[in-house]
Structure formats: C-alpha cells, structure tokens
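Below is one structure, written out as structure tokens, with a few remarks after it.
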There are 2 protein chains.
Amino acid sequence: METPQPLFSKLPLFKEPELKEALLKHGQLLAFNKGDVIVKTGQYVRFLPIVLKGSIRVFQQKEDREVSLYYVRSGETCTMSLAAAYFNNKSVSHGVVMEPTEVLIFPANFLTEWQLQFPSWNQYIITMFRKRYDELINTFEGVVFDHINVRVMEYLKRKSLIEESRIIDISHQTLAKELGTTRVVISRILKQFEREKKVKLLRGQIEIK
Amino acid sequence: METPQPLFSKLPLFKEPELKEALLKHGQLLAFNKGDVIVKTGQYVRFLPIVLKGSIRVFQQKEDREVSLYYVRSGETCTMSLAAAYFNNKSVSHGVVMEPTEVLIFPANFLTEWQLQFPSWNQYIITMFRKRYDELINTFEGVVFDHINVRVMEYLKRKSLIEESRIIDISHQTLAKELGTTRVVISRILKQFEREKKVKLLRGQIEIK
DNA sequence: ACAGGACGGTATCAAAAGATACAAAAAACA
DNA sequence: TGTTTTTTGTATCTTTTGATACCGTCCTGT
C-alpha cells in the first residue's frame, strides 16, 4: 500500500498508530466502477468495506422491486455487512457501487480482535451503528405511517437540502427504487404535484417550487 | 443497592469489576408496573435503562396508530435510547412497560466514559445495536414488500415458535398495534385465515393449525 | 441517420387497505 | 346482579396502490 497518509485523512476517527498499521497490513485498496456489486443478498460477509471515495448504495430487493436502505459514503462502513459478519450471517441486502469508488477492505475476522484492542475502532463501529439505526427508524416510520406521495415529497425536499439545489437529478424509475414502489406510481404522483404547482418536471430532473 | 450479585447474573457480559462498581455506584434500581411510561417521543434521554426482569415495549405512534419496534427484555438495553443519548437527541419512540418490570437506570453521560474504559461495555453496546439493527431491517423488509396478511401470518408463526405453543394470546387490537395497522383489517384477515382453515379464532386467542 | 433503449404520460382494471358504523357476545367490575 | 368495557364480526364505501399496456419523445451509440 503506497499512500497511507491520504488514506487516513478520510478516517480521522482512527487514533491508534497500531490500528492504522493493522489496517494497512491486512487491508486492501480496491477501485470499483458504477454498477459493480460489492455484496449480494444471501452471501456470507468475509470482508468489510470502508469507503474512501464515492458511494455504495445498500438496498433490498424482492422480485422486481427495490428499496434503498442507505448510502455508504466516504469514511463510512456498511453496518449491514457489519451485523452480518458479527453473527456470521448471510447478507440481507445488496450493495452496489453508484460511481467510481475506492474502498478499503479487510478480513471480517479482525472485527472482534480490533474491538478489544482499539478504543477508537469501537467508537467508529458504534458511531456507524447509531447513525444507520437512526436513519432506519426514520425511514421505517415513513413507510408504516405515510402515504407514498408524502414520502416522495419528503425525499425530494431532503435531497434538495443536501445538494443545495432546487433541481434534483433523478428519473422516476430510480426514485421508485429508492422508495420501494413502482415507476407508474411515482409518475402519477409527480404529475399530480405538478398540477398543484409544487414541482416542475423535466426529463431526468425534478424542480421543487 | 443491596443485591449486587443476583443483579450481575443477568448481565454476564459485564466483566470488569470496575464496571460493575460504577454501575452500582451510579445506577438505580427501579420497579415499574404494566402501563408505566419509561420514555416518550420527544423527550430527551438522560438515563439509560437496562432491563433486569420483565419487558419494555418500544413503539412508534402517529395519531391513533402504533407500530412496535421491539421489546427490551432481561439483560437488554434500549438501543433507541442509546442512539438518542449519544446524539443528545430527543427520543423518536415510546417505551412502555408491559408487565411488572425491574430496571437498572444510570445517567446517560457515563456512556462515552465507560466506552473508553471498559471493553466489555463496548461489546455489550455493539451487541445490542447489531441485534436491533438486524431485527429492524427484517421488519422493514416485511413492511415494504409484503401485504399485511403475510405479515400477520409471519407474526403468528414467529410468536408460536418463541412461546412454544400453537395458541397465541393476543387480541386483534393489540396485533394491529404490533404491525402498524387497524383492528378491522386484522379481524378481516384473521377471519379469512379461519375460512382457509389456517387458524382457529377464540376470544383473545389465536390457534395456529 | 437509424435502431434501440431509457424516460415519461396516461388509461384501465383489480386488489389492498383504511374509515366508519353498528351489533352481539364475553368478560370485568362494582 | 346489573352495568360497563373489551372483544369480535361484519357491511359499506372510499382511497390508495399496484399491475398491465400502449405510446410518444428523447438520448445514445453505431
């Protein structure tokens, strides 16, 4: 591994030199492209990924439907993989790369070892879990209590905030797969929003008004 | 605190004597009765509970609808409270006692301190998180992809397995609140199941055939 | 320029879920 | 015992969501 310093600039949580050493020694830097599959539902998780650049979409699938759980971004790891690896369980989700992405992977069996050795590793794992946990509960609430139109609007508004733009680049199909429904439903709802002057629809884009 | 030994027999994960000492010193043993509210949505979480006996139902509420997230049982703690306390956020769920329950509570500000001091405390927190996380993802999948009748049957079968009985003691109303729907919907589905000879309905009980 | 694919609009139909209302039976309680 | 509450059954109606199908437009690669 050639570039240790830039690597850890993305991982400020890791304090102990020994932990950095262990990561460099047992880890491997991999580059993925859009569409590459990191983990499939039903697979055992032998390696844990830490994303350095880019993002991984973690989602669930049933027949031809999908729903996003979360995105793993720079500095983050995939809690679903974590949970699966701890239990030595199979993955319950898919992980697919969304853009050119660099990942540091390391063997899952170091998990418990590092957990006992390095406080900052612990801190990192717990931070990841509580972040995802919070997100998940939030989404869960929406799915249980809200109608899809509400969830669509909330999705758009959140996305708009994050990207600091009133225009969101997303197709109806992709939006459907984010929220766990079908394209026709999304198109119908968006058209209704447009009639109500809440959005303006363009090809591949949605403008919030 | 008078009975330290029986207390820690419920918490085999806690290894360090100093951790046990700290728990005894800063913790407080409380007894609750059915219906007592441990935490409300919107409240800040200042104390974390570890259940010693009994159980706490953690659920979300919107208007007159509810959905269960999980039950905190002997030896366990409430991850939702944990996540809230870490972030210094308000609780996003309710926690209500379901039966006579004994709880060890301690100030939330010891969380990070103990996390740095005691490996077994870390182990405990992470174990709790990944357990709940797994459960939550599972339930989430059901809510997104499955129709309620499927979820009802799965609930009944799981409950039947856990309680090692073909007869499940639950009212339609309670079942509705477990799954996040309404009583009428549950009654309708159960009646259909009965017509299909899948269950037998009794007052307050459902027998799986 | 052309073919094929992605994208979006829309109509029709069916199923699922929810809202509301009323009634009967059983249980709890006083 | 009489009253109240809980539990369940059921009918009706509406809304939401999903499934399917068809078409036109735009984009992309060759």
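Any read-out appearing in this document is the output of simple, stated calculations on the displayed coordinates, not a laboratory observation. For clarity, every value in this text was computed on a predicted model and none was experimentally measured. Note that we place each Cβ from the backbone using ideal geometry, even for glycine, and neighbour counts take in every protein chain shown.
Structure notes:
- Order of B:His147, B:His172 - criterion: other Cβ atoms within 10 Å of each residue's Cβ, fewest first: B:His147, B:His172
- Fewest-first ordering of B:Ile162, B:Ile56, B:Ile189 by other beta carbons within 10 Å of each residue's beta carbon gives B:Ile162, B:Ile189, B:Ile56.
- Computed from Cα atoms, the angle from the helix B:148-163 axis to the main principal axis of chain B rounds to 60 degrees.
- The trypsin sites (Lys or Arg not before Pro) of segment A:125-172 that DSSP puts in a loop, and whose beta carbon has at most 15 other beta carbons within 10 Å, are A:Arg166.
- Nearest-20 debye value, segment B:52-169 charge dipole, Cβ charges on Lys, Arg, Asp, Glu: 80 debye
- Look at the Cα gyration tensor of the protein assembly as shown: its axes a ≥ b ≥ c give a/c of at least 1.5 with a/b at or below b/c, and that counts as oblate.
- Estimated from helices alone, the mean residue ellipticity of the protein assembly as shown at 222 nm is -14500 deg cm²/dmol (sum of -39500 (n - 2.57) over DSSP H runs with n ≥ 4, per residue).
- Rounded, prolate or oblate (a/c below 1.5 giving rounded, otherwise prolate when a/b exceeds b/c) for segment A:4-145 by Cα gyration tensor: prolate
- The Kirkwood hydrodynamic radius of segment A:67-180, based on inverse pair distances between different Cα atoms, is 16.3 Å.
- Nearest 10 degrees, 0 to 90: helix A:119-145 Cα axis against chain A principal axis: 20 degrees
- Within 10 Å of each Cβ in B:125-138, the average number of Cβ atoms from other chains: 6
- For segment A:148-208: rounded, prolate or oblate by the Cα gyration tensor [a/c cutoff 1.5]: rounded
- Remark: B:Ser165, B:Ser9, B:Ser160 ranked as B:Ser9, B:Ser165, B:Ser160, counting other beta-carbon atoms within 10 Å and listing the fewest first.
- Estimated vicinal HN-Hα couplings, Hz - segment B:178-187 in sequence order (Karplus 6.51, -1.76, 1.60; Gly, Pro = x): 5, 9, x, 10, 10, 4, 4, 4, 5, 4
- Remark: segment A:196-209, residue by residue, has Karplus-estimated 3J(HN,Hα) of 7, 6, 8, 9, 10, 9, 10, 5, x, 9, 10, 9, 8, 9 Hz, where x stands for each Gly or Pro and the curve is 6.51 cos²θ - 1.76 cosθ + 1.60 at θ = phi - 60°.
- In segment B:28-80, the GluC sites (Glu not before Pro) that fall in loop regions by DSSP, at most 14 other Cβ within 10 Å: B:Glu63
- Loop GluC sites (Glu not before Pro), segment A:124-164, which have at most 12 other Cβ atoms in a 10 Å radius of their Cβ (DSSP): A:Glu164
- Between amide H atoms placed 1.01 Å from N, distances below 5 Å from A:Ser74 occur with A:Gly54, all of them 5 or more places distant or on a separate chain.
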